[in-house]
Every structure is written in C-alpha cells, then in structure tokens.
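Some notes on the structure that comes next.
Any read-out appearing in this document is the output of simple, stated calculations on the displayed coordinates, not a laboratory observation. Keep in mind it's a predicted model, so treat the numbers as computed, not measured. Because the Cβ atoms are built from the backbone with ideal geometry, glycine has one as well, and the counts that use them run over all protein chains shown.
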Amino acid sequence: MNTLLKNTGIKFGSIIAVFMVLTYLLIYFFNYKLMNSIYGGFLMLFVVIVFGALATFIAKRKLGGYITLKEAFIPYFITIAMGLLISTVFLFILYGVVDTETGNLLKLDAIELTKQQMLKFGVPKDQAEQSVAMVTDSNPYSFGTLLMSAATRVLLMAIPGLIIALAIRNKSEFNSPAN
C-alpha cells in the first residue's frame, strides 16, 4: 500500500476523530439528550463523508492527478474507519465506564424516542411493543454494542466512498501517465 495514501487517511482520520470527540464532549457538557438527535446523527455522518472525500481529493493531488479506484478508496476508508472507531472507544469510556448514569439516562431517552416514533409512523401496537422491548433490553454503551454499531456505520459509509472513488479516479486505469 502506498504510504502517501495511508498517511493521508491517517491524517484526516485523526482530524475527524478529534472533531467527533470534541463534539461529543460539548454535547455531554451542554445537553446530553442531543446524543439521541436524528438530525445530529445525520450531520455527523455528513461531516465524516466530507472528510473522507477531502482525504481522497488531497491524495489524488499528491499523486500528481492520477489515481486508480483502489488508490482513491484507501484514504477515504482509513479516514472514516479511524474516525468512527476512535470516537466509539471514546463513547464507551465516557458512557460505559466513567458516567454510566448519563448512559442510563440516554437509554431512557432512546426508549421514549422509540415510543414516539412508533406512534408517529402508525406501527401496530404489538410491533411497537417489541421494538420498545428491544431498546429496553439492550445496553447501548456496552463495548460490544458500540463496536457492532461502528462496524455497521463503517460498512454503510463505504458505499459513498466507493461512489466518490469511482467519480474521481482516472477513467482509464490502463493509460497511466508517462514517467
């Protein structure tokens, strides 16, 4: 693997990890209920995708404007994986070890949010009760649950990365520039 690609991914992954940790700290100190915000979650995903795309564009520029699909995807993937995994470990430490009480309050808030969403979308009562029971029985800040969630997000966020890599790669990977 090209060290330039890896280093670019690590650099942007570190930046997004610091950004996410600082954002989670601000939310923790000012209004912990924002952790369950759907809009905040989408905003964080958008920011992570933008940083991954930026890492890809910078890598292409550093390679002299020529980049293959694989080379375009590597910095994106390293960026999002590193950012999401570091922020996941931080959430585990914060809500699973240091302040489990706030973690429990967030769980209660998630249960209430699930009830409201079920009513809002007109889900049948038995399915709504089943969904609420699943949220009630789970521990959202256990290491296993957080790690599974992070892995799922990394895999889902790889899809926009592949689209970005397809869009910016050189159209003919067989016609490399003359050295």
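Please give the FRET efficiency for R61 paired with I159, using the beta carbon to beta carbon distance and R0 = 22 Å, rounded to the nearest 0.05. Efficiency, from the Cβ-Cβ distance: 0.40.
Estimated from helices alone, the mean residue ellipticity of the chain at 222 nm is -26500 deg cm²/dmol (sum of -39500 (n - 2.57) over DSSP H runs with n ≥ 4, per residue). Along the axis of the charge dipole computed for the chain (Cβ charges of +1 for Lys and Arg, -1 for Asp and Glu, origin at the Cα centre), the listed residues L84, V97, P124 are led at the positive end by L84.
Sequentially through region 42-55, phi angles give Karplus couplings (6.51, -1.76, 1.60; θ = phi - 60°) of 5, 5, 5, 4, 4, 4, 4, 5, 4, 5, x, 5, 4, 4 Hz, Gly and Pro residues having no value and appearing as x. Quick check: Cα centre of region 62-119 to Cα centre of region 1-26, how many Å? With region 62-119 and region 1-26 each reduced to a Cα centre, they are spaced 13 Å. The ranking of E112, E71, E101 by Cβ neighbour count inside 10 Å, starting from the fewest, reads E101, E112, E71.
Straightening the chain between K125 and I15 buys 35.2 nm, computed as 0.36 nm per residue apart minus the Cα-Cα spacing.
When you restrict to C-alpha pairs under 8 Å that are six or more residues apart and normalise by the size of the chain, the relative contact order lands at 31 percent.
When the alpha carbon coordinates of region 3-168 are projected onto the principal axes, the ranges are 57, 36, 25 Å, largest first.
The residues packed around G161, meaning those with a beta-carbon under 14 Å from its beta-carbon, carry a net charge of +3 if Lys and Arg are +1 and Asp and Glu are -1. Each Lys and Arg contributes +1 and each Asp and Glu -1, all at the Cβ; summed about the Cα centre of the chain, the dipole is approximately 820 debye. With a sphere of radius 12 Å drawn around the Cβ of P140, what net charge do the other residues whose Cβ falls strictly inside it have (Lys, Arg +1; Asp, Glu -1)? Around P140, the surrounding residues sum to -1. With 0.36 nm allotted per residue and the present C-alpha distance subtracted, the V47-F30 stretch has 4.0 nm of extension available. Converting phi to 3J(HN,Hα) with the Karplus coefficients 6.51, -1.76 and 1.60 and the offset θ = phi - 60°, region 13-26 yields x, 5, 4, 5, 5, 4, 4, 5, 4, 5, 5, 5, 5, 4 Hz in sequence order, with x at every glycine or proline.
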